[in-house]
1. Which one of these is buried (at least 23 other Cβ atoms within 10 Å of the Cβ), within 26 Å of GLN134 (Cβ to Cβ) and not acidic (Asp, Glu): SER253, SER236?
2. The conditions are (1) within 16 Å of the chain's Cα centre (by Cα); (2) among the small types (Gly, Ala, Ser); (3) within 20 Å of SER220 (Cβ to Cβ), and SER178 fails exactly one of them. Which is it?
3. Just the residues that are touching a residue at least 60 places away in the same chain (Cβ under 8 Å) and not aliphatic (A, V, I, L, M), please, taken from the range 199-219.
4. Mind telling me which of the residues HIS157, HIS125 ends up being of a type outside the set (A, V, I, L, M) and touching a helix residue (DSSP H, G or I) at 6+ places or on another chain (Cβ under 8 Å)?
5. Can you say whether THR203 is assigned to a strand (DSSP E or B), hydroxyl-bearing (Ser, Thr, Tyr) and out of contact with any Cys (no Cβ under 6 Å at 6 or more places or on another chain), as far as the supplied structure shows?
6. Residues being within 20 Å of the chain's Cα centre (by Cα), within 24 Å of VAL139 (Cβ to Cβ) and crowded, with 18+ Cβ neighbours inside 10 Å: count how many of those fall in the range 256-301.
7. Considering only residues that are open to solvent by 100 Å² or more (accessible area, probe 1.4 Å) and either in contact (Cβ under 8 Å) with a residue 24 or more places away in the chain or in contact with a strand residue (DSSP E or B) (Cβ under 6 Å, 6 or more places away or on another chain) (or both), which ones fall in the range 68-83?
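The values are calculated or read from the model by the stated rules, or taken from the named source; none is laboratory data. Predicted model only: the values in this text are computed from it and were never measured. Positions of Cβ are backbone-derived with ideal geometry, glycine not excepted, and every protein chain shown enters the neighbour counts. The protein model used for the area step is the full one, side chains on, heavy atoms only, and it has no ligands, DNA or RNA in it. Shrake-Rupley method; radii C 1.70, N 1.55, O 1.52, S 1.80 Å.
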Amino acid sequence: MRFKDRSKDDRKSFRRILIPCIRPISIAVLLLLLPLSASLNASSNLNNGQEANNSTNISSIENPSLWHIFEILKSKDNVDLTHSFRPGIPHWEGFPNEIVETVFNFSTSGFLAQKFILVGQWGTHVDSPAHFHQGKRTVDQIDVKEMLLPLVVLDIHQKVSANPDYTVNMDDVKEWESKYGKIPEGCFVALRTDWSKRWPNQTAMLNRDRNGTFHYPGWSMEVLQYLYEDRNITASGHETTDTDPGFQATEGSYKLESYILGRDHFQIELLANLDKVSEYGALIVVVFPKPEGGSGFPARAFAVLP
């Protein structure tokens, strides 16, 4: 009896020691497994078309805390898609150069303040619909909800390397969709050509031949119509100074840019570092100041990687 009593006492002591140790571990494991479990449940529910039975769980998954979303985004890598701007950078030849003046400096005033004189379409910038079409939206009228979007990257850089006059075509788009599915509605589509690697050399960016013709890649009407009319994307962007390929821009033809802006969409020109972004799964953030009635303005764009 004494042995049995002692054995019981030992087991009770062991439990008193073990249970407090196990509980934190169990709770920690449970917390780690909850997101995975929630994801699996959500996936299963969506695949099986179940709606009523697990509405509460699905609701909590579909409406997570914004702070929880922030923690997820904070853990992701970012890629800056923006060139720094200064006087002398590549630009459309019809625009004047930037002027920077120091208004106050440290030696005389104890602080630094500068005045920047530049055209709105300078450096990595946004073109509002009003840039080409009177009465369309100006920069200040672009909704902030259009500034955070899923990012699709159409990669044609190898074809451009072989032919600088290359324009993206439907085969390129179908190749993307064969890999990743339909281009999602409301996304931002960026055209990767690696032309931004020529930055900040204006001569290299324009790539003019001896006859004065520019040779740089661009969009095509068939692709833009497919993206904006069939896939209902929100905006698009590219690495070159123009939407239209160089040989068309040489002739003063900007029908592709006019098409995008005429449909009341905005675009971002002179993007950078698209070679560091995945073709599928990233987000793009595009922000810019709010000049009242502005046709365009330098923008800051970056990608959040999957």
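1. Working: SER253 fails: buried (at least 23 other Cβ atoms within 10 Å of the Cβ).
Just one listed residue meets the conditions, SER236.
2. In the conditions (1) within 16 Å of the chain's Cα centre (by Cα); (2) among the small types (Gly, Ala, Ser); (3) within 20 Å of SER220 (Cβ to Cβ), SER178 misses (1) alone.
3. Narrowing the range 199-219 to residues touching a residue at least 60 places away in the same chain (Cβ under 8 Å): 199-202, 205-206, 217.
Answer for the range 199-219, where residues must be touching a residue at least 60 places away in the same chain (Cβ under 8 Å) and not aliphatic (A, V, I, L, M): TRP199, PRO200, ASN201, GLN202, PRO217.
4. Numbers: HIS125 fails: touching a helix residue (DSSP H, G or I) at 6+ places or on another chain (Cβ under 8 Å).
Of HIS157, HIS125, the one residue that is of a type outside the set (A, V, I, L, M) and touching a helix residue (DSSP H, G or I) at 6+ places or on another chain (Cβ under 8 Å) is HIS157.
5. Details: assigned to a strand (DSSP E or B): no; hydroxyl-bearing (Ser, Thr, Tyr): yes; out of contact with any Cys (no Cβ under 6 Å at 6 or more places or on another chain): yes.
The answer is no for THR203.
6. 22
7. ASP77 - this is the single residue of the range 68-83 that is open to solvent by 100 Å² or more (accessible area, probe 1.4 Å) and either in contact (Cβ under 8 Å) with a residue 24 or more places away in the chain or in contact with a strand residue (DSSP E or B) (Cβ under 6 Å, 6 or more places away or on another chain) (or both).
Residues checked against (1) touching an Asp or Glu at 6+ places or on another chain (Cβ under 7 Å); (2) among the polar types (S, T, N, Q); (3) more than 27 Å from THR193 (Cα to Cα):
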position: ASN97; (1), (2), (3): no, yes, no
position: PHE111; (1), (2), (3): no, no, yes
position: SER128; (1), (2), (3): no, yes, no
position: GLN134; (1), (2), (3): no, yes, yes
position: THR167; (1), (2), (3): no, yes, no
